[in-house]
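Take a look at the structure set out below.
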Amino acid sequence: MPVASPRSLLFAPGSDEHKLRRTLQTGADAVIADLEDAVAPARKDEARALVMRVLEEEQSAAATMVRVNGMDSPHFERDFELVQRLPLQAIVLPKATPESVDALGRGGPPVIAIVETAQGLRRAYETASHPRVEALILGAVDLGLELGLESRPDGQEGLLARSMLVLDSAAAGIRGPFDRVHLDVRDGEGLEAECRLARSLGLRGKACIHPAQVEIVNAVFSPEDYELARAWQIVESYAQGIAEGRGAVALDGEMIDLPVVERARRLIADNKRRVLDAD
């Protein structure tokens with residue numbers, strides 16, 4: 001599955017074979033075998049060997065990715081050797097900066113960069129503009145700790161960071177970013193509300209830490225039938241108006257001009273791509 005289309009990115013600990021195999025069959029758009037936070041330092045080598053074996057053996061509809069340890073970690077070099085040997089759809093890079101993306105070299109799978117430091121947030125546009133980077137993820141836990149943020153029921157403590165990643169992604173010409181993980185895996189209602197907030201701000205997917213979160217995330221970040229029908233109406237009405245020599249048309253009282261049409265076209269194209277990927 002191309003990096004352009006996933007809605008849900010589901011993390012699985014690279015040192016837990018049962019969880020990793022189960023995660024690959026959950027219906028998540030992409031599965032990230034985690035070699036960083038989910039693996040104790042003493043088990044890094046064991047996790048690398050396990051990830052290689054499982055990803056070679058398992059057939060999954062999900063895109064397969066690996067989160068490596070950070071560039072400043074003593075484990076980065078061994079992780080880098082591993083990802084070069086695997087047929088991955090992407091490498092997930094923690095604490096991303098332009099320099100850490102450069103360290104991966106020019107060739108290889110696309111990079112999904114986790115922005116989770118103050119410096120990383122300030123330089124997110126540079127990171128997003130790197131030729132290998134195809135998406136950003138908001139790493140809110142580490143970033144919140146560094147900034148001294150306090151959690152709010154309405155999620156507004158993350159508004160600036162979310163908006164900056166959306167802006168920087170658009171300016172760099174890449175897909176909309178993935179939202180932070182929702183830490184309470186039993187809170188489906190809260191997860192849905194957080195997804196809807198993120199989508200309204202321009203984010204286009206969400207990182208998950210439990211299989212139970214995938215269905216909610218996929219549903220919220222997928223267009224409803226009425227949204228697709230409206231998008232088709234907009235595109236068709238605009239085409240008719242252009243054929244008649246008009247640059248803008250009215251549809252059910254709404255003025256339809258080119259920016260509105262482009263948004264409708266993008267919605268249709270993303271949905272088509274996702275359906276084709278699923279097939």
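Of note:
Okay, residues lined up against (1) of a type in the set (A, V, I, L, M); (2) at pLDDT below 95:
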| position | (1), (2) |
| --- | --- |
| Gly105 | no, yes |
| Ala113 | yes, no |
| Ser163 | no, no |
| Val181 | yes, no |
| Cys208 | no, no |
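- Of all residues in segment 179-237, those satisfying the criterion of being more than 19 Å from the chain's Cα centre (by Cα) and β-branched (Val, Ile, Thr) are Ile234, Val235.
- Within segment 83-102, if we keep just the residues that are surrounded by fewer than 20 Cβ atoms within 10 Å (Cβ to Cβ) and outside any loop (DSSP other than H, G, I, E, B), the residue that is nearest to the chain's Cα centre (by Cα) turns out to be Pro98.
- The listed residue being at pLDDT below 95, surrounded by fewer than 19 Cβ atoms within 10 Å (Cβ to Cβ), in the same structural domain as Ala124 (by TED's automatic domain parsing) and among the acidic types (Asp, Glu), out of Glu58, Glu46: Glu58
- Flag for Glu134 being assigned by TED's automatic domain parsing to the domain that holds Gly107, acidic (Asp, Glu) and surrounded by 15 or more Cβ atoms within 10 Å (Cβ to Cβ): yes
- None of Ala96, Ala63, Ala90 is of a type outside the set (D, E, K, R), in contact with a strand residue (DSSP E or B) (Cβ under 8 Å, 6 or more places away or on another chain) and modelled with pLDDT under 95 except Ala63.
- Residue in segment 59-71 that is in a helix (DSSP H, G or I) and closer than 19 Å to Pro109 by Cβ present: no
- Considering segment 103-128, the residues that are in contact with a Pro (Cβ under 8 Å, 6 or more places away or on another chain) and in a loop (DSSP other than H, G, I, E, B) include one that is surrounded by the fewest Cβ atoms within 10 Å (Cβ to Cβ), namely Arg106.
- Matching option when the condition is in the same structural domain as Ala30 (by TED's automatic domain parsing) and in a helix (DSSP H, G or I), among Ala239, Ala193: Ala193
- Some residue of segment 156-167 being surrounded by fewer than 19 Cβ atoms within 10 Å (Cβ to Cβ), without any contact (Cβ under 8 Å) to a residue 12 or more places away in the chain and at positive phi: no
The values are calculated or read from the model by the stated rules, or taken from the named source; none is laboratory data. Small disclaimer: the values here were computed from a predicted structure and weren't measured. Counting neighbours? That spans all protein chains shown, and the Cβs are built from the backbone with ideal geometry, glycine included.
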